[in-house]
Amino acid sequence: MRNWRSILVNENNTLLETMKVIDESTMQFAAVVDEEQELLGTVTDGDIRRGILRGEGLDVPIKQIMNPSPICASIKNTYSDCLNLLKKHKLKQLPIISEGNKIIDIIFADEDPTMKHNGNTVILMAGGLGTRLRPLTENMPKPMLSVGNKPILETIIEGFKQHGFTNFVISVNYKKEIIQDYFQDGAAFGVSISYIEEDKRMGTAGALSLLKEKPNNPIFVMNGDLLTQVNFEQLLHFHEDTDAIATMCVREYEYQIPYGVIETDGQQLVSIKEKPVQRSFVNAGIYVLSPEVFDYIPNGEFYDMPDLFKQLMDKQNNVSAFPVREYWLDIGHMSDFERANSDYKEGIK
């Protein structure tokens with residue numbers, strides 16, 4: 001039985017404080033209460049990330065982020081009633097309240113074996129040439145370069161396995177034998193691995209047309225040269241909770257304009273901002289795709305993931321952005337590779 005009291009927060013706790021409570025627990029959730037333990041609202045990891053996307057600061061009180069009208073069960077409901085509520089509303093957690101609206105328990109969907117995820121497939125893109133990392137990649141595919149004491153691809157697989165995902169498909173091309181000989185069928189790593197082989201450049205989305213069978217549930221797609229500590233279970237929950245056909249992980253990127261930026265109104269000089277810092281969200285190279293997406297992917301043609309997302313948006317599909325607030329590093333250049341080794345030497349795992 002989980003200690004649900006450890007995830008109770010006060011309405012005046014900040015977003016950052018609540019985020020720490022959620023991250024330090026395994027429950028991906030916090031309940032907001034007053035001094036009398038009356039339930040005021042709930043906060044999920046998804047609520048936190050949507051707040052970040054809206055530009056909310058880490059110091060805002062959590063009452064600005066929380067859901068003030070969560071679905072709850074009464075003390076009078078049976079356990080079977082509660083499970084039915086979880087299933088009906090696709091909830092991950094269900095607070096139980098007394099007649100005075102005081103929280104007395106929380107039921108979690110993953111405590112019921114019938115409601116656990118059923119082995120979503122992870123597609124890892126590992127076929128690139130890695131030309132920007134030569135000479136390191138002259139005889140080795142980039143995903144097999146060692147960071148710390150193991151290949152990048154092995155660290156990625158371990159990250160998914162940590163969150164319960166063990167079914168992998170690796171898309172290979174350049175130096176494919178090195179990857180296949182190292183991982184084989186995945187049994188030695190406690191996972192299942194199969195391969196799709198690109199005989200030409202297919203793009204991140206185009207390679208998915210080579211899958212033998214169309215998936216029946218959402219899949220992960222991730223570039224094989226990324227290191228991250230994203231909670232993939234939270235990512236899947238976010239995708240499902242937003243009822244998205246596709247979800248793209250995004251990362252906040254900051255850059256400073258090295259000049260004074262001028263704002264004008266006609267010929268009138270209005271303001272001068274000296275070397276301002278600009279912030280934008282950029283593609284983080286990690287995706288969740290529902291099975292319906294495969295209807296948009298051309299068969300056997302080059303098709304990149306941004307093109308797929310543009311088409312989905314053009315067709316008015318529900319497409320989500322998941323902000324990555326955890327460790328993330330795209331190993332695109334030699335400086336990134338050196339930084340990754342430094343990070344892992346200092347304790348990033």
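The values are calculated or read from the model by the stated rules, or taken from the named source; none is laboratory data. Quantities reported herein were computed from a predicted structural model and do not represent experimental measurements. Quick reminder, even Gly has a Cβ in these numbers, built from the backbone with ideal geometry, and neighbours come from all protein chains shown.
Selection of first residues in segment 1-13 that are assigned to a loop (DSSP other than H, G, I, E, B) and of second residues that are at pLDDT below 80 and surrounded by 12 or more Cβ atoms within 10 Å (Cβ to Cβ), restricted to Cβ pairs under 7 Å at least 6 apart or on distinct chains, gives the following pairs, ordered by first then second residue: Arg2/Met27. Here is a check on your reading of the model: is Lys275 more than 18 Å from the chain's Cα centre (by Cα) and under 19 Å from Phe168 (Cα atoms)? No: the conditions fail for Lys275.
Of the set (1) within 24 Å of Asp47 (Cβ to Cβ); (2) of a type in the set (Phe, Trp, Tyr); (3) at pLDDT 90 or above; (4) in contact with a Leu (Cβ under 9 Å, 6 or more places away or on another chain), all apply to Phe294 but (1).
Screening Pro143 with (1) within 22 Å of the chain's Cα centre (by Cα); (2) at pLDDT below 85; (3) closer than 28 Å to Glu252 by Cβ; (4) not small (Gly, Ala, Ser) gives one miss only, at (2). Here segment 226-258 is the region considered, the condition is being touching a strand residue (DSSP E or B) at 6+ places or on another chain (Cβ under 7 Å) and of a type in the set (D, E, K, R), and the residue that is surrounded by the most Cβ atoms within 10 Å (Cβ to Cβ) is Arg251. For segment 26-37, indicate whether the set of residues that are touching a helix residue (DSSP H, G or I) at 6+ places or on another chain (Cβ under 8 Å) and over 25 Å from Ser320 (Cβ atoms) is non-empty. The answer is no, given that none of the residues of segment 26-37 is touching a helix residue (DSSP H, G or I) at 6+ places or on another chain (Cβ under 8 Å) and over 25 Å from Ser320 (Cβ atoms). Scanning segment 177-202 for residues being in a strand (DSSP E or B), at pLDDT below 90 and surrounded by 14 or more Cβ atoms within 10 Å (Cβ to Cβ) gives a total of 0. Regarding segment 272-284, can at least one residue be identified that is in contact with an Asp or Glu (Cβ under 7 Å, 6 or more places away or on another chain) and modelled with pLDDT of 85 or more? Looking through segment 272-284, none of the residues is in contact with an Asp or Glu (Cβ under 7 Å, 6 or more places away or on another chain) and modelled with pLDDT of 85 or more. With respect to Phe232, is the statement that it is modelled with pLDDT of 85 or more, closer than 19 Å to Phe168 by Cβ and of a type in the set (A, V, I, L, M, F, W, C) true? Spelling it out, Phe232 is indeed modelled with pLDDT of 85 or more, closer than 19 Å to Phe168 by Cβ and of a type in the set (A, V, I, L, M, F, W, C).
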